[in-house]
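The values are calculated or read from the model by the stated rules, or taken from the named source; none is laboratory data. Just so we're clear, the structure is a prediction, and the values are computed from it rather than from any experiment. Cβ placement follows ideal geometry from the backbone for every residue including glycine, while neighbour counts extend to all protein chains displayed.
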Amino acid sequence: MRPSRPYLIRALNDWILDHGATPQLVVDATTDDVNVPERYVIDGRITLNIKPSAVQALNLGNEAIEFNARFSGVSMNVYVPVMSVLAIYARETRQGMGFGMEPGIPEPDGLKPPGHIQSTPISTAKSSVKSPRPTLKVVK
């Protein structure tokens, strides 16, 4: 099966535009084949505005996202492999979706899922007593 990420990106882009908002892509700029303006990369990531009025020739393909945009007055062809997209969201509402690694898809070099958290081994957890079933607690 093909990865679902390009389909989700296209669907969320349409949804965001239908609500009159600005679609933003968060991209891992450290992966191979990414062509983005290095000047705007912070901590290996860049956020790109893909609103139709901000870009030209936007192509949300199955393998890559391509468009032409101006950065500080300089025109640039942007190329982002779909698997380098970490999230798409509406700038105004911050609603959207972050992406992790898809099963069966090889992880690009240097790409970790967004919000990657290392788990704490059970032996170092605060409570060493395991309950056989989950419990709920009422908090007021």
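Remarks
- Any hit, segment 10-17, residues being more than 15 Å from M76 (Cα to Cα) and among the aromatic types (F, W, Y): yes
- Total residues in segment 78-94, condition touching a residue at least 60 places away in the same chain (Cβ under 8 Å) and not charged (D, E, K, R): 9
- Applying the condition of being among the β-branched types (V, I, T) and assigned to a loop (DSSP other than H, G, I, E, B) to segment 40-56 and asking which residue is nearest to D14 (Cα to Cα) yields I50.
- Hey, N68 in contact with a Ser or Thr (Cβ under 9 Å, 6 or more places away or on another chain) and either outside any strand (DSSP E or B) or at pLDDT 95 or above (or both) or not: yes
- Residue satisfying all of: in segment 91-112; under 17 Å from A29 (Cβ atoms) and hydrophobic (A, V, I, L, M, F, W, C); modelled with the highest pLDDT among these: F99
- Residue within segment 15-32 that is over 21 Å from Q95 (Cα atoms) and either assigned to a strand (DSSP E or B) or in contact with a helix residue (DSSP H, G or I) (Cβ under 7 Å, 6 or more places away or on another chain) (or both) present: yes
- Taking every residue in segment 36-58 that is among the basic types (K, R) and pairing it with any residue that is in a loop (DSSP other than H, G, I, E, B), at least 6 positions away or on another chain, the pairs with Cβ-Cβ distances below 7 Å are R45/A29; K51/T22.
- Residue in segment 75-85 that is part of a loop (DSSP other than H, G, I, E, B) and either surrounded by fewer than 19 Cβ atoms within 10 Å (Cβ to Cβ) or modelled with pLDDT under 90 (or both) present: no
- Members of segment 20-30 found to be surrounded by 12 or more Cβ atoms within 10 Å (Cβ to Cβ) and either within 13 Å of the chain's Cα centre (by Cα) or modelled with pLDDT of 95 or more (or both), listed by number: A21, T22, P23, Q24, L25, V26, V27, D28, A29
- Filtering segment 41-63 to residues that are surrounded by 12 or more Cβ atoms within 10 Å (Cβ to Cβ), within 14 Å of A29 (Cβ to Cβ) and either touching a Phe, Trp or Tyr at 6+ places or on another chain (Cβ under 9 Å) or among the hydrophobic types (A, V, I, L, M, F, W, C) (or both) leaves V41, I46, T47, L48.
- Looking across I88, I50, one residue alone is under 20 Å from P6 (Cβ atoms), at pLDDT 95 or above and touching a Gly at 6+ places or on another chain (Cβ under 8 Å). It is I88.
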